[in-house]
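Structure first, commentary second.
Every number in this text was worked out from the coordinates using simple rules, so none of it is lab data. These figures come from a predicted structure and were not determined experimentally. Glycine also receives a Cβ, built like all others from the backbone with ideal geometry; neighbour counts cover every protein chain displayed.
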Amino acid sequence: MVDIGLGLTLLAVVIWVILLTFWGQFWQIDQLLEAPPSSQAHPTPNSPLPTICAVIPARNESDVLPVSLRSLLCQDYPGTFTVFLVDDNSTDGTANVACETACLLQKEENLQILQGKALPSGWTGKLWALEQGIQKAKELSPDYILLTDADIEHDVGNLSRLVNKAVEENLDLASVMVRLRCESFWEKLLIPAFVFFFQKLYPFRWVNNPNKKTAAAAGGCILVKTEALERIGGIQILRQALIDDCSLAFAIKSSKPSSPIWLGLSSLTRSLRPYPDLGTIWDMVARTAFTQLNYSPFLLMGTLVGMSLVYLASPLGFIWGIVTSNWLVAACGLFGWLLMSLAYFPIIRFYKCSPVFAFCLPLIGFLYTLMTFDSALRHWQGRGGAWKGRVYQQGG
């Protein structure tokens, strides 16, 4: 028993050493899209500024639109910019609120509201709404299309920074993982970890390296070159994807050699979506966790075992070593625990949470493991992919 305990704690230490040193430096907060110097606040190319169209899929979002839509209509981008909001069969007056918001700002000419058509078979609701908005936006021949969610409050310079980034680095896609709400206890405990696990799954440095196959994007804010979107066949090739943002990034990055994309964090542009309790966060994760595993029972088992080893072996080894007075096991367990806390601390600091939360990663990992298993259960029970009153099922 002692040999097994020592072996598992040593293995966990080795895993964290590898993750910290060889896994794309995923834990560092160094891929950022923040405010540039004032002299670079706007794109200043010799050619005309790119024409931008934003597409917002909105289904029952009347409560957040007065803030989110206002932030988008008030962008400081000096080029041509038009917003297309697709009302996805809302029942709460979403279209009326959007119209009123634009009128109050005297920005009616910058907003077009589309009434979404009935959801056809084989499409997810969000992607069908995006498809309708994109097809309408293409009438203006935009150079780039901004895909954004209805619950995102954009910093006034967010679009300018994205366009700067895309033009200067000739990117086919530039995406920002916006700052998620982190106010309640459960948000502080679990939301930074959501970003941390995403970074570990898709190290941002690897995503931003055109020589790496790793591709990802954050669906709340994606600026995509229209030519690149047409090159892959449009949004319709992703029409059944529940994790549509990463699917889009992969399709674009792999569509031709040296097709560069970029993904980073922002503390200025933020999500308005609240996750005040454990249940709301649990549902968010369980909705697509099993999708990420391609609905594979084998990948599920591997994930459950792997998560337990990576996040639980060290603290359990530390406690077991203390109880049994096996100081070698205790020391290895403590060292592994400190390594994972070190990796987690930068995102905790980014979200301005107490450093104490950095030591809670084993508990957090355990909860996310349960969420992943529950995601599989929901899929097998026919309740997978539920969102906004719709349930999406896909085969394994």
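Quick notes on this one:
- Tilt relative to the chain, helix 2-22 - C-alpha long axis, 0 to 90 degrees, to 10: 30
- Amide H to amide H, with H built 1.01 Å from N, Leu263 comes under 5 Å of Ser175, Asn208, counting only residues 5 or more places away or on other chains.
- Each peptide in 249-255, 103-109 gets a packing score, the mean of other Cβ atoms within 10 Å over its residues, and the list from highest to lowest is 249-255, 103-109.
- Each principal axis of region 176-240 carries a Cα extent, and these read 44, 25, 20 Å when sorted largest first.
- 3J(HN,Hα) along region 370-378, derived from phi through the Karplus expression 6.51 cos²θ - 1.76 cosθ + 1.60 where θ = phi - 60°, amounts to 5, 4, 5, 5, 5, 4, 5, 4, 4 Hz, with x in place of Gly and Pro.
- Between helix 327-350 and the chain: long-axis angle, C-alpha atoms, 0 to 90°, nearest 10: 10
- Rounded to whole Hz, the Karplus (6.51, -1.76, 1.60) HN-Hα couplings of region 137-142, x for glycine and proline: 5, 5, 5, 8, 6, x
- Of every Cα-Cα pair in region 241-396, the percent that sits beyond 22 Å: 58
- P(r) tail fraction, the chain - alpha-carbon pairs more than 33 Å apart, %: 34
- Between region 104-138 and region 147-217, the alpha-carbon center distance in angstrom: 23
- Here the Karplus curve 6.51 cos²θ - 1.76 cosθ + 1.60, taken at θ = phi - 60°, turns the phi angles of region 156-171 into couplings of 4, x, 4, 5, 4, 5, 5, 5, 3, 4, 5, 6, 5, 9, 6, 7 Hz, with x standing for Gly and Pro.
- 0 to 90° range, to nearest 10: angle between helix 278-292 axis and the chain longest Cα axis: 90
- Checking the Cα-Cα distances for Lys136/Lys212; Lys136/Lys200; Lys138/Lys165 against a 29 Å cut-off, the pairs over it are Lys136/Lys212; Lys136/Lys200.
- In region 103-186, the ratio of gyration radius to Kirkwood radius, Rg to Rh, stands at 1.00 when only Cα atoms are counted.
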